[in-house]
Amino acid sequence: MDNMKILSYHKDKKVKVIYGGVHMKDSRIRNVLIKMEENKIPQLIVTSAESIFYLTGKMIHPGERLIALYLDSKGNHKFIVNKLFPINEDLGVEIVWYDDVENPIDRLANLVRKGEVLGVDKNLPAHFLIDLMGRNVVKAFVNSSPIIDTLRMIKDDEEIQIMKESSRINDAVMLKLWENLKAGFSEKYYANLLAEIYEEEGASGFSFSPIIATSPNGADPHHGTGKDKIKFGDSVVLDIGGKYKNYCSDMTRTVFIGKEPSKEHAEVYNIVKSANEKAISIIKEGIKFSDIDKAARNLITEAGYGEYFTHRTGHSIGIECHDFGNVSSVNDDEVKAGMIFSVEPGIYLKDNIGVRIEDLVLVTKDGCEVLNSVTKEITVL
C-alpha cells in the first residue's frame, strides 16, 4: 500500500499511525517505532522470518535468499522480497521485488537513508551485511534485534489465544501418543506416528524434532530419536511440540512402560515433579527469571541430585520454540505479564534414567496460568 504513513512525535513518545486499507500489525509496528526512537535508531531492517511474520502476518521461509522489512521512523516502510515468494494479499506496506539475477543489496542500499544509523538483525547473513557495509551508505550499523526480541516476549491477546490452543492441541497429541505407546516399537516409529497425530489434531507440523528417549537414552537431555526399541519396564522421556497458526507448543512428560518404577526411579521422578511445581508456584509479574531457576535447582540440589540437573530451567516460546529469553541462574530480568515460557527441570543419571517434566506457563499480574493439563503423576502405560 503506497499511501501508508507512520509519523513519530518525539516530545511525548507517541506515534500516530495513519493507514489506508489493509495494514500490517499496527500496534506491533507502533511499539517498534517507539523503541527505535528511545534507542535513537532512525531506521532498521528486519530479516528474521519469524519477526517479519510478527509484524506483517506473512510467513516466508526464504532459505538462502534475502527478505527484508525496512522500517523508517519517517514512515517510508518497504518490504524487499524475491519474486520466488508471491504475495497476493495486501500487507499494508509497499513491496520492492527482485529476482535471482539481481542483487537485493542494490535495492536495500537505494532505500536506506544515507548518512544515518541503520539497525540490522543479529542473524543477517554475513555476506549480505558485508556487501552493504562496503557501500558506505549509512553512518553506522547497530544490532536492533533486541527491540523486536523483547517485544515478542510479551504476547498480546491474539497471540495468547493462539498459544493456548497450540498447547491444547499438544495435550491431546500427548494423550493419543500414550494410547499407542508400548514395548516392541522403536523411538523412530513413534516419532513418525507423532507427525500423523499432529496433523489429525490440527497442527501444521512439529515445532522441533521430537525427543523420544527410552531408558537409558533419556539420560541425554537432547537425545536424537533413533532405532532403539522400547522395552517392558523402561522409562521413556517424551519431549514434543507442534505448530498452530505459526505458534509453537512444547511439553515433556516421562512415563513408565508396563510396570511401576523402582524405588530409586520413583524418587527421582517425584523430585523432578516437585521442582517443576515449586518453580511454577512462585511465578508472577516482577519475580526474576533467576529466582525461578533457583527454586527448581535448589530443591533438586537439596535432594542430592544437583550435579545431574545440567541445563537451565526454561526458555521463552512463541513463534519460535526457543524465543529470546530464558529461565536461568544468570538472567536477572523480571518477568512480565503476557510472557510465556517453559519450566522444565530434569535429572539425568548416565546409563540409568533421565526424567524431565515440562510445562508452558503464561505470566499474569498475580501469578501464572499453566497451559498444559496432562497429568504429572507417575504414569505407567
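Quickly run through region 101-130 and pick out the residues that are surrounded by 14 or more Cβ atoms within 10 Å (Cβ to Cβ), of a type in the set (D, E, K, R) and closer than 19 Å to PHE79 by Cα. Give the steps one after another, and end with the answer.
Keep residues of region 101-130 that are surrounded by 14 or more Cβ atoms within 10 Å (Cβ to Cβ), which gives 104-105, 107-109, 111-113, 116-121, 124, 128-129.
So of that shortlist, the ones also of a type in the set (D, E, K, R) come out as 107, 113, 116, 121.
Listed by number, the residues that qualify are ARG107, ARG113, ASP121.
When you look at LYS40, is it crowded, with 16+ Cβ neighbours inside 10 Å, modelled with pLDDT of 95 or more and among the basic types (Lys, Arg), yes or no? Write out each step before concluding.
Values: crowded, with 16+ Cβ neighbours inside 10 Å: no; modelled with pLDDT of 95 or more: yes; among the basic types (Lys, Arg): yes.
Judged against the criteria, LYS40 is not a match.
Among the residues of region 97-118, how many are assigned to a loop (DSSP other than H, G, I, E, B) and closer than 10 Å to ASN82 by Cβ? First the steps, then the outcome.
Initially, region 97-118 is screened for residues assigned to a loop (DSSP other than H, G, I, E, B), giving 99-103, 112-116.
Still in the running and closer than 10 Å to ASN82 by Cβ: 99-100, 102.
Of the residues in region 97-118, 3 are assigned to a loop (DSSP other than H, G, I, E, B) and closer than 10 Å to ASN82 by Cβ.
Kindly check whether there is at least one residue in region 252-267 that is under 20 Å from the mean Cα position of the chain (by Cα), outside the structural domain of THR56 (by TED's automatic domain parsing) and not hydroxyl-bearing (Ser, Thr, Tyr). Give the derivation first.
Restricting attention to region 252-267, the residues satisfying the condition of being under 20 Å from the mean Cα position of the chain (by Cα) are 252-253.
Checking the rest, the ones that are also outside the structural domain of THR56 (by TED's automatic domain parsing) come to 252-253.
Keeping just the survivors that are not hydroxyl-bearing (Ser, Thr, Tyr) gives 253.
There is at least one residue in region 252-267 that is under 20 Å from the mean Cα position of the chain (by Cα), outside the structural domain of THR56 (by TED's automatic domain parsing) and not hydroxyl-bearing (Ser, Thr, Tyr).
Go through region 106-160 residue by residue and tally those that are under 23 Å from LYS245 (Cα atoms) and free of Cβ contacts under 8 Å to residues at least 12 places away in the same chain.
Going through region 106-160 one residue at a time, the tally reaches 2.
Using the structure shown, decide if VAL361 is in a strand (DSSP E or B), within 14 Å of PRO221 (Cβ to Cβ) and β-branched (Val, Ile, Thr). Write out each step before concluding.
On the way: in a strand (DSSP E or B): yes; within 14 Å of PRO221 (Cβ to Cβ): no; β-branched (Val, Ile, Thr): yes.
Spelling it out, it is not the case that VAL361 is in a strand (DSSP E or B), within 14 Å of PRO221 (Cβ to Cβ) and β-branched (Val, Ile, Thr).
Return the residues of region 161-179 that are touching a residue at least 40 places away in the same chain (Cβ under 8 Å) and among the small types (Gly, Ala, Ser); say none if nothing qualifies.
SER166, SER167 - these are the residues of region 161-179 that are touching a residue at least 40 places away in the same chain (Cβ under 8 Å) and among the small types (Gly, Ala, Ser).
Residues to consider are ILE283, ILE240; find the one that is over 30 Å from GLU200 (Cβ atoms) and touching a residue at least 40 places away in the same chain (Cβ under 8 Å). Show your work before the answer.
Details: ILE240 fails: over 30 Å from GLU200 (Cβ atoms).
Residue meeting the stated conditions: ILE283.
Quick check on region 297-317: of everything there that is out of contact with any strand residue (DSSP E or B) (no Cβ under 7 Å at 6 or more places or on another chain) and aliphatic (A, V, I, L, M), which residue is farthest from GLY241 (Cα to Cα)?
Per the stated criteria, the residue is ALA303.
Which of the residues spanning region 260-288 are in a loop (DSSP other than H, G, I, E, B) and either closer than 21 Å to VAL330 by Cα or in contact with a Cys (Cβ under 8 Å, 6 or more places away or on another chain) (or both)? Please lay out each step first, then the result.
Taking region 260-288 first, the residues in a loop (DSSP other than H, G, I, E, B) are 260-262, 282-287.
If the condition is that a residue be in a loop (DSSP other than H, G, I, E, B) and either closer than 21 Å to VAL330 by Cα or in contact with a Cys (Cβ under 8 Å, 6 or more places away or on another chain) (or both), then ILE282, ILE283, LYS284, GLU285, GLY286, ILE287 are the ones that fit.
Checking the structure you have, find out if any residue of region 282-303 is modelled with pLDDT of 95 or more, acidic (Asp, Glu), within 22 Å of SER167 (Cβ to Cβ) and touching a helix residue (DSSP H, G or I) at 6+ places or on another chain (Cβ under 6 Å).
No.
List every residue pair whose Cβ atoms lie under 8 Å apart, where the two residues are 6 or more positions apart in sequence or sit on different chains, the first residue falls within region 356-368 and is among the β-branched types (Val, Ile, Thr), and the second residue, located anywhere, is outside any strand (DSSP E or B) and crowded, with 23+ Cβ neighbours inside 10 Å.
So the pair list comes out as ILE357/VAL272; ILE357/ASN276; ILE357/GLU344; ILE357/PRO345; VAL361/ILE283; VAL361/LEU371; VAL363/ILE283; VAL363/VAL335.
Quick one: which of LYS139, LYS155 is basic (Lys, Arg) and surrounded by 14 or more Cβ atoms within 10 Å (Cβ to Cβ)? If you could, list the steps in order and put the result at the bottom.
Numbers: LYS139 fails: surrounded by 14 or more Cβ atoms within 10 Å (Cβ to Cβ).
Just one listed residue meets the conditions, LYS155.
If I filter region 289-308 for residues that are within 22 Å of PHE341 (Cα to Cα), assigned to a loop (DSSP other than H, G, I, E, B) and in contact (Cβ under 8 Å) with a residue 12 or more places away in the chain, do I get at least one hit?
No - not one qualifying residue is present in region 289-308.
Checking the conditions here, which among LYS336, LYS376, LYS350 is of a type in the set (D, E, K, R) and farther than 23 Å from VAL236 by Cα?
On the way: LYS376 fails: farther than 23 Å from VAL236 by Cα; LYS350 fails: farther than 23 Å from VAL236 by Cα.
Answer to the selection: LYS336.
Failed condition for LEU193, given (1) farther than 25 Å from HIS61 by Cβ; (2) among the aliphatic types (A, V, I, L, M); (3) crowded, with 18+ Cβ neighbours inside 10 Å, with all others met?
So the condition that LEU193 fails would be (3).
Restricting to region 297-350, give me the number of residues that are surrounded by fewer than 18 Cβ atoms within 10 Å (Cβ to Cβ) and either among the acidic types (Asp, Glu) or not assigned by TED's automatic domain parsing to the domain that holds TYR247 (or both).
Number satisfying all stated conditions: 5.
The values are calculated or read from the model by the stated rules, or taken from the named source; none is laboratory data. None of the values given here were measured: they were computed from a predicted structure. Ideal geometry is used to build each Cβ from the backbone, glycine not excepted, and the neighbour counts take in all protein chains shown.
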